[in-house]
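The values are calculated or read from the model by the stated rules, or taken from the named source; none is laboratory data. Since the model is a prediction, treat every value here as computed from it, not as a measurement. Heads up, the Cβs are rebuilt from the backbone with ideal geometry, glycines too, and the neighbour counts pull from every protein chain shown. Keep in mind that these areas ignore ligands, DNA and RNA; they rest on the heavy atoms of the full protein, side chains included. Shrake-Rupley method; radii C 1.70, N 1.55, O 1.52, S 1.80 Å.
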Amino acid sequence: MSGTGTHRDGPAPAGGAYIPVFLYHAVMDDPPAWIAEFTVTPKEFAAHLDAIVGSGRTPVTIGVLADHLAGRAPLPPRPVLLTFDDGFADLPGPTAEALAERSLPATAYLTTGAIVPGGRSLLPPAPMMTLAAVAGLERSGMEIGSHTVTHAQLDTLPGKDLAYELRTSKAVLEDALGHPVRHLAYPHGYNSAKVRSWSARAGYETATAVRHALSSERDERYRIARLIVRRGHTVADVESWLAGGGVRTAPYRDGPKTVAWRWYRRGRAMVRGPEFAG
């Protein structure tokens, strides 16, 4: 995860080749301290949405991008995507209403252990939506995807635990919705070649990371780049990303620091066990 970013890595992408995929978490005025850095107020959120509408871009879901990346259908002109992780309590209420008022589709990735009654996850305490609200969320215009069961660091898990996180969350959501769940978001964006391969084997058609970068028409289906929206980001930042500014464009290889951090976390997980991705 990164800050606002004030420079561009390389020249601006040509035409509509770059695709802004925004990542939001909670939208509330008084969030718990642990998620405050990744929370925007309802007023700020409304201003962001108005900037997106004013950009003239075409709002689509991850499913539409998936169809393009799989070669099934072309993308509409100048697409933009809105995604939401975890499943905070605001999502099926005021957040969904703000999107619906502007006819903006979105994709919500839900951590099932945090929204199932009696479920267990690694997320610290926070007001969360419930599994009973998932079908209504979909009816409001949101596509539903998995964000695993516990929100663990997937790239540190042994195979049995990784399979559980990927398959169980998918099954819980499919039971609630009555149809396949095609899309996954890696908690905190943590992934690896193994995680990407197992995600495909579990039946997901796409998976999103974080990367704090623009996606593109050539992005990887199992590592779609997203722009993480933090509380310090302004409407000017949103407008810059919509115009292709301030950040790099995927696909690109992981840098040495990312690889080193992954190996460090794996070593720590061997001693401590699964850890919260955040």
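Points worth noting:
- With a requirement of 3 or more residues that are under 16 Å from Thr206 (Cβ atoms) and open to solvent by 10 Å² or more (accessible area, probe 1.4 Å), the helices (runs of 4 or more DSSP H) lying completely within segment 39-144 that satisfy it span 62-69.
- Against the numbered list (1) out of contact with any Leu (no Cβ under 6 Å at 6 or more places or on another chain); (2) β-branched (Val, Ile, Thr); (3) touching a residue at least 40 places away in the same chain (Cβ under 8 Å), Thr150 comes up short only at (1).
- Residue within segment 46-54 that is touching a His at 6+ places or on another chain (Cβ under 9 Å) and in contact (Cβ under 8 Å) with a residue 12 or more places away in the chain present: yes
- Unmet criterion (only one of (1) surrounded by fewer than 24 Cβ atoms within 10 Å (Cβ to Cβ); (2) among the aliphatic types (A, V, I, L, M); (3) touching an Asp or Glu at 6+ places or on another chain (Cβ under 8 Å)) for Val210: (3)
- Of the residues making up segment 209-239, those that are of a type outside the set (D, E, K, R) and over 22 Å from Pro77 (Cβ atoms) number 11.
- A Cβ distance below 7 Å, combined with a sequence gap of six or more or placement on separate chains, defines the contacts here; from segment 174-193, residues that are farther than 20 Å from Val64 by Cα reach residues that are open to solvent by 10 Å² or more (accessible area, probe 1.4 Å) and hydrophobic (A, V, I, L, M, F, W, C) in the pairs Ala176/Leu131; Ala176/Ala135.
- Flag if Arg167 is in a helix (DSSP H, G or I) and open to solvent by 50 Å² or more (accessible area, probe 1.4 Å): yes
- Total residues in segment 227-274, condition in a loop (DSSP other than H, G, I, E, B), surrounded by 16 or more Cβ atoms within 10 Å (Cβ to Cβ) and touching a residue at least 60 places away in the same chain (Cβ under 8 Å): 9
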